[in-house]
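Notes for the one structure printed next.
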Amino acid sequence: MIEMKCDCGSEINERDLVKQLDAILDEYRGKPGALIPVLQMSQKMFGYLPESVLKRISLELGKPYSEVAGVVGFYSFFSTVPRGRHLVRVCLGTACYVRGGKQVLEAIKKNLGIDVGETTPDRNFSLEVARCFGACGLAPAIMVDDDVHQRVKPVKVGEILNQYLTKKTKKGKKSAGKKGAGK
Amino acid sequence: MPKLTIDGKPVEVADGTTILEAAKEIGIRIPTLCYLEGIQAIGACRVCVVEVEGARTLVASCVMPVAEGMKIITNSKRLRDARRTVVELLLSEHDGNCQTCERNNDCELQTVAYELGIKNITFEGIKTKADVDTSTVALVRDNGKCIKCRRCVTVCNQVQAVGALFPQFRGFKTVIGPAFGKDLSTVACVQCGQCAAVCPVGAIVEQNHIERVWKALDDKTKTVVVQTAPGVRAALGECFGLPAGTLVTGKMVAALRRLGFSTVFDTNFTADLTIIEEAMELLSRLKKAVKERQPAALPQFTSCSPGWIKYVEYFYPEFIPNLSTCKSPQQMFGAVAKTYWAKKVGKKPDEVFVVSVMPCVAKKFEATRPEMNSSGVQDVDAVLTTRELGRMIKQAGIDFVSLPDETVDRVLGTSSGAADIFANTGGVMQAALRTAYEVITGRELPFENLYIEAIAGMEGIKEASVTITDTVPEWSFLEGVTMKVAVAHGLGNANRLMEKIKSGESIYHFVEVMTCPGGCIGGGGQPRFTTDAVRKSRIKAMYKEDSGKKVRKSHDNPKIKQIYGEFLNMPLGEKSHHLLHTKYTSRSRV
Ligand code: SF4
Ligand code: SF4
Ligand code: SF4
Ligand code: FES
């Protein structure tokens, strides 16, 4: 289970993951209402829902591929693109919204060059919006991974995001494609 | 049995009846858009709203069941305004260009807008943009015209059990279509066109072949022949205001001649040919299984419905050996027209242009299958739906209703009554049994008027059995065998039947499947709108055509005897194998 979190050599684990997926599918095959739990578990395992996995789920559960795709597309929780190493969530709850959350979001979009729901090509960041993480007193707030950043100003977003790139390099010695993030 | 009043008229209906249905019973028509009789009532569009005394809001009559003592109003200023608002909202974002739309004059949105008297659209909406998908050979989808009523989704998933279409994404981005909003060719679609048959607007239509047919008719180097499937003659009249089930065989032939087809043949002829080949194929499988005690792929499945073929290729590839190897009548026609007949008139295969008129959309796909060129070139060049033929006749300014009756050209035109019932569920089975039984026993099939009631009706899955006695010597090994047959129409029913066969719960010798509900008479290319009542009228017409013929059995058709004598030699022979039989391909579903 632990290696699954590792993003350095995904090829090595691919086969194990598929085995695990098959075990899940075996358990759920023929049961009503299986699709959503299977999708949730698969996303947890793979980090996202690759096309090959969705097709396998469609075949094994006997659900039309268009239906599987429709369900995946309906819930913003599901992602068909790999998630970035860091998840940036911008609060657009009422307090954050009126105090400039929207501008912060625009600044982050511009900084990363992606839209909400997307991931940077170097896979460093994924961007989402959120509805309130209880930091209304110090709005606008954003969350990067588990850290809440409060009173964020649009001009400061570059600085905040950059911290994560450096942290990562120091801690995990992962050099893959960090350059160019934030461009 | 609740009693209620609708617009002051008292009515008593069964429990669970909706307001819409109750109103219909007493002749009150409430406008609808997303509702689909017997198939879908989801209360999505709200065009069908009515006032219920005591209720604060308007209610959608297609989903609201009646209750004792209800007082309902279906026509008031408040309702007209509400309905208008709903339709105006739809139109405000609709990419409407009716004059150039395939559905001009045949569109439910247009009709409802007209009936509600919408004069101007007061809302400013963002127009959907044309988003046209021509990735498949039989269908064209345009999400820009889609009003998201979901009829196609319900039909494709529930009625046909295919599931090519589903709502994708959410909120404003919702589109109705294949996985992830991609092209139809990226998913398993059998091209049946039932979605196009139920779509209220121009969002799903058949690939139009009218222009290529006009072009061929104008081309002096081509000899253009036309074949018409049996199901067309019971429905074409509807394009000209005649009631469903009016047989217009003679007028249709006359109209085709006036359109410029020098030779008018009949798919019925090759339906008879199909019966000979398919019945003999069944008998040879039975011989293998019963006499030679060798494994034989039984039950044998009929193979005339191309949507069904593609369905097996996707969803039941393990049953491909069970499919009859017979080509469909359309394809047998193309193959013999470009060989046997072409030779008779001194033409080469590529000088003959074969046009089919079909009640079917999947036939457009079938004609392009790579196997379908046994004459050396594509055997069938263009496939018109019944609707398209209706439009061509209008384009040519022909006054259809007042045409005289004419008859088809004989060589590939003469047919038996058995061929007519190819158009309706249970018909191919009856036609095949008429011949198979007589081959085995030398006697006529022992049913009054050759009609097997058990497999003739509209139930989704039907069964019958025939016990074979007093055989002729050659087939004595079948003495006492009870032949069990089953019939399914609509792929959802086929799916249920296949699961029973797969699990071993049901055992049959021969199974007929037609892709569309009711059979070809309910095909995706028939005039709209095909309800169950319309299906029944068309089926009745087919049986009438059958019983009115002197020759009722395919093997008694003199032209069939002639083609075997002059050309094919014998059923399942070498020529047949080359021209009349085919093979199938397993396809991946995702
Ligand atoms: S779908 Fe109907 S309303 Fe829309 S453009 Fe076509 S004919 Fe007009
Ligand atoms: S043609 Fe038939 S299978 Fe294909 S999308 Fe339409 S209803 Fe579904
Ligand atoms: S394509 Fe036609 S049937 Fe399907 S949802 Fe759109 S409008 Fe309705
Ligand atoms: S027809 Fe009743 S809500 Fe659409």
Handout entry: Top-ranked residue of segment B:141-162 - restricted to ones that are within 12 Å of chain A (Cβ to nearest Cβ) and touching a residue at least 24 places away in the same chain (Cβ under 8 Å), ranked as nearest to A:Gly73 (Cα to Cα)
Key = B:Arg150
Completion exercise
If you go through B:Ala67, B:Ala55, the only one that is more than 16 Å from ligand 3 (Cβ to nearest atom), touching a residue at least 40 places away in the same chain (Cβ under 8 Å), part of a loop (DSSP other than H, G, I, E, B) and over 19 Å from B:Tyr114 (Cα atoms) is B:Ala67
Exercise for the section: Determine if segment B:196-212 includes at least one residue that is away from ligand 4 (no atom under 16 Å from the Cβ), over 23 Å from the mean Cα position of the chain (by Cα) and in contact (Cβ under 8 Å) with a residue 40 or more places away in the chain. Expected result: no
Practice task
Report whether or not B:Ala197 is of a type outside the set (Lys, Arg), more than 14 Å from chain A (Cβ to nearest Cβ) and in contact with a strand residue (DSSP E or B) (Cβ under 7 Å, 6 or more places away or on another chain).
Solution key: no
Practice task
Considering every residue within segment B:48-62, establish whether at least one is within 30 Å of B:Ala203 (Cβ to Cβ), at pLDDT 95 or above, among the hydroxyl-bearing types (Ser, Thr, Tyr) and over 35 Å from the mean Cα position of the chain (by Cα).
Solution key: yes
Exercise for the section: With the condition kept exactly as written, say whether any residue in segment B:101-108 is open to solvent by 30 Å² or more (accessible area, probe 1.4 Å), within 14 Å of ligand 1 (Cβ to nearest atom) and outside any loop (DSSP other than H, G, I, E, B). Expected result: yes
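Rundown of residues vs (1) at pLDDT below 95; (2) open to solvent by 30 Å² or more (accessible area, probe 1.4 Å); (3) within 9 Å of ligand 2 (Cβ to nearest atom), yes/no style:
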site: B:Asn120; (1), (2), (3): yes, yes, no
site: B:Asp133; (1), (2), (3): no, no, no
site: B:Leu139; (1), (2), (3): no, no, yes
site: B:Val162; (1), (2), (3): no, no, yes
site: B:Leu165; (1), (2), (3): no, no, yes
Fill in the blank from the handout: B:Ala60: passes all of (1) touching a strand residue (DSSP E or B) at 6+ places or on another chain (Cβ under 9 Å); (2) free of Cβ contacts under 8 Å to residues at least 24 places away in the same chain; (3) within 15 Å of ligand 4 (Cβ to nearest atom); (4) open to solvent by 40 Å² or more (accessible area, probe 1.4 Å) but (4)
Practice task
List every residue pair whose Cβ atoms sit under 8 Å apart, with the two residues 6 or more apart in sequence or on different chains, where the first one lies in segment B:330-343 and is farther than 13 Å from B:His578 by Cα and the second, anywhere, is in a helix (DSSP H, G or I) and of a type in the set (Lys, Arg).
Solution key: B:Gln330/B:Lys363
Exercise for the section: Might you let me know whether segment A:161-179 holds any residue that is among the polar types (S, T, N, Q), modelled with pLDDT under 90 and within 13 Å of the chain's Cα centre (by Cα)? Expected result: no
Problem - Residue in segment B:540-555 that is open to solvent by 40 Å² or more (accessible area, probe 1.4 Å), small (Gly, Ala, Ser) and part of a helix (DSSP H, G or I) present - result: yes
Problem - segment A:70-118, residues that are more than 14 Å from every other protein chain (Cβ to nearest Cβ), surrounded by fewer than 16 Cβ atoms within 10 Å (Cβ to Cβ) and small (Gly, Ala, Ser) - result: A:Gly113
Problem - Residues located in segment A:134-157, provided they are within 17 Å of the chain's Cα centre (by Cα), farther than 15 Å from A:Gly100 by Cβ and not charged (D, E, K, R) - result: A:Met143, A:Val144, A:Val148
Problem - Residue ID - most open to solvent (accessible area, probe 1.4 Å), chosen from residues in segment B:234-249 that are assigned to a helix (DSSP H, G or I) and under 21 Å from B:Ser547 (Cβ atoms) - result: B:Thr249
Practice task
Look through segment B:167-179, keep the residues that are open to solvent by less than 10 Å² (accessible area, probe 1.4 Å) and facing another protein chain (nearest Cβ under 7 Å), and return whichever of them is nearest to B:Gly460 (Cα to Cα).
Solution key: B:Pro178
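The values are calculated or read from the model by the stated rules, or taken from the named source; none is laboratory data. From a predicted model like this one, the values you see are computed outputs, not experimental measurements. Glycine gets a Cβ as well: all are built from the backbone with ideal geometry, and neighbour counts include every protein chain shown. What goes into the accessible areas is simple: the full protein's heavy atoms, side chains included, and nothing from ligands, DNA or RNA. Shrake-Rupley method; radii C 1.70, N 1.55, O 1.52, S 1.80 Å.
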